[in-house]
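Structure first, then comments.
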Amino acid sequence: MPGPAEEAFEIGLVNRVHPAGTLVDETLAFARGLASSVSRRSLTETRRQVWTDQHRDVRSSVEDAGALLESMMGDRDYARGVQALLEKRPPDFE
């Protein structure tokens, strides 16, 4: 019988399962990859949004997330990121 982690993977609640002894290393590797694929502003604003949302109702969080996304779409790095994605290359953020 699968454990809770495998069950969470099977139902799509998580997209990866790692042995407990490798979890910290895998998490840090994932974070480094994520940080290198998004602009600094995007990462900063997302962290701020997640931190703030811990203490707010869902409706306010969703509204603010929508406003944040709209503001980010006007950013030059957003256009650079989309272009890099279409060209299947790493982004070159300013």
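The values are calculated or read from the model by the stated rules, or taken from the named source; none is laboratory data. None of the values given here were measured: they were computed from a predicted structure. Don't worry about glycine lacking a Cβ; one is built from the backbone with ideal geometry, like all the others, and counts go over all protein chains shown.
Some points to look at:
- Within the span defined as the stretch 6-19, every residue fails to be within 14 Å of the chain's Cα centre (by Cα) and under 30 Å from Glu94 (Cα atoms).
- Only one of Phe9, Phe30 that is of a type in the set (Phe, Trp, Tyr) and more than 30 Å from Ala79 (Cβ to Cβ): Phe9
- Flag for Asp75 being in the same structural domain as Phe93 (by TED's automatic domain parsing), touching a helix residue (DSSP H, G or I) at 6+ places or on another chain (Cβ under 8 Å) and not basic (Lys, Arg): yes
- Count - residues of the stretch 30-62 that are exposed (fewer than 13 other Cβ atoms within 10 Å of the Cβ) and assigned to a helix (DSSP H, G or I): 18
- Which numbered condition Gln83 fails, given (1) part of a helix (DSSP H, G or I); (2) within 16 Å of the chain's Cα centre (by Cα); (3) of a type in the set (S, T, N, Q): (2)
- The condition (being outside the structural domain of Val14 (by TED's automatic domain parsing) and among the aliphatic types (A, V, I, L, M)) is satisfied by just one residue among Leu68, Leu28: Leu68.
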